[in-house]
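The values are calculated or read from the model by the stated rules, or taken from the named source; none is laboratory data. Since we're looking at a predicted model, the values are computed, not measured. Glycine gets a Cβ as well: all are built from the backbone with ideal geometry, and neighbour counts include every protein chain shown.
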Amino acid sequence: EFEDVCEQTGVTLSRYCIELANRGIIDEDLSSIFNSIREAAKVISKLVNTAPLKQAELLGLQGEINVQGEDQKKLDVITNDVFKNALRYTGKMGTLASEEEDEPVDGARLWEGPDGSRFPLRSLQTPGNTFASSTPLDGSSNVDAGIPVGTIFGVFQEPDPAECELPDDLSKGLSEDQQRCLAGTLQPGKSLVAAGYVLYSASTELVLTFGQGVVGFTLDSSIGEFVMTRPSIKIPARGKIYSCNQGNINEWDQPMRDYIEAIRKGEGESKKPYSLRYIGSMVGDIHRTLLYGGIFAYPADKKNQDGKLRLLYEGAPMSFIMEQAGGKAITGHSRVLDIPPVGVHQRVPVILGSAEDVDEQGPETAPES
Ligand code: AHM
């Protein structure tokens, strides 16, 4: 009977996670975290799809400014709550660092339900906590116009305490628990155990990696399930599309300007002129780059010396996915996944995509095997 069901639905994300857990590729905690991410993604997809019909409730500004000085949209705040609460109720999450939270949220606190009931969440004293980082609604400046947006997430396991001493200036004034929270949160991308994104577009696409290749699912809303549509995503070795905010070209350094000018005119290594495609939604721009090949860049510029994108919950998860698909991800100087974060909302220049395109742009930074 079970097989009949699978024949009708295809391989659902739930089944995929159960099978990986049965084979010991992921543990039950990670499987449970992904159950929550899946449910949150369905809710966010519904919110984004129906937002134009509920303008007063869902569209426009919240009237708050987040810790990075950006206006928060109503949907930024709502989707952050959806994502946070979905993860909290698993009882498996130690800490969540989010674009929309000034500081990492401690999953160890008792969580109070709307009726006053209190849910025990995993205590930070329990070894093997999970640390998650997320941008619940990336590209939200696009959302009022119905342009594609996304969710990005990364999952870390609790590091060995011996290996995660915080520098003095970061640990000053923090309790022991807070220090553990911060040390678990500030891990380099190469320590990610899973990462993924959800693209809310003409279809809702969920792409993930557990460090063994990249797999894509599409939401079948008739059955409310993510169904596997791309069992193994591999980025082409070279593409012919570049994706960046070319309006910033005068702010970039000379090598970046020269590179973009060269590929635009067909004077790059491939000798073919590249097309420009840029949505201004990282998830959409990277999804296209992953499937069609080419290069996506948000480089450092004169105004933003560290670029615009955030390391923990944008740059690192996307770089992990890109490398797992056979591509590369660099800052212009080094491999993004090697950078140890020193702040939760730290920014990083990101240049990622097809291996040959990234090599042409920057120094060779072969991923560690
Ligand atoms: P946002 O979520 O506030 O819209 O900012 C994040 C987005 C990324 O999705 C995208 O890559 C970048 O900002 C676009 O920035 P710009 O408008 O400077 O090109």
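Quick notes on this structure:
- From the list 353, 266, 307, the lone residue that is under 20 Å from the mean Cα position of the chain (by Cα), over 21 Å from residue 234 (Cβ atoms) and among the small types (Gly, Ala, Ser) is 307.
- Residue within the stretch 305-312 that is within 15 Å of residue 351 (Cα to Cα), part of a strand (DSSP E or B), touching a helix residue (DSSP H, G or I) at 6+ places or on another chain (Cβ under 7 Å) and of a type in the set (A, V, I, L, M, F, W, C) present: no
- Condition met for residue 239 (touching a residue at least 24 places away in the same chain (Cβ under 8 Å) and buried (at least 16 other Cβ atoms within 10 Å of the Cβ)): yes
- Annotation: residue 296 fulfils all but one of (1) over 22 Å from residue 250 (Cα atoms); (2) not in a loop (DSSP other than H, G, I, E, B); (3) not acidic (Asp, Glu); the unmet one is (1).
- Just one of the listed residues (144, 115, 106) is at pLDDT 70 or above, charged (D, E, K, R) and surrounded by fewer than 18 Cβ atoms within 10 Å (Cβ to Cβ), namely 144.
- Selection from the stretch 264-279 of residues that are away from the ligand (no atom under 13 Å from the Cβ) and surrounded by 15 or more Cβ atoms within 10 Å (Cβ to Cβ): 264, 268, 270, 274
- Enumeration of residues in the stretch 280-326 that are of a type outside the set (Ser, Thr, Tyr) and near the ligand (Cβ under 9 Å from one of its atoms): 280, 282, 283, 284, 285, 286, 296, 304, 308, 309, 310, 314
- Options 189, 247, 213; residue that is on the phi > 0 side of the Ramachandran plot and either under 26 Å from the mean Cα position of the chain (by Cα) or without any contact (Cβ under 8 Å) to a residue 24 or more places away in the chain (or both): 213
- Residue 276 vs. criteria aliphatic (A, V, I, L, M) and under 30 Å from residue 97 (Cα atoms): no
- Test: residue 356 is surrounded by 23 or more Cβ atoms within 10 Å (Cβ to Cβ), among the acidic types (Asp, Glu) and touching a Lys or Arg at 6+ places or on another chain (Cβ under 9 Å): no
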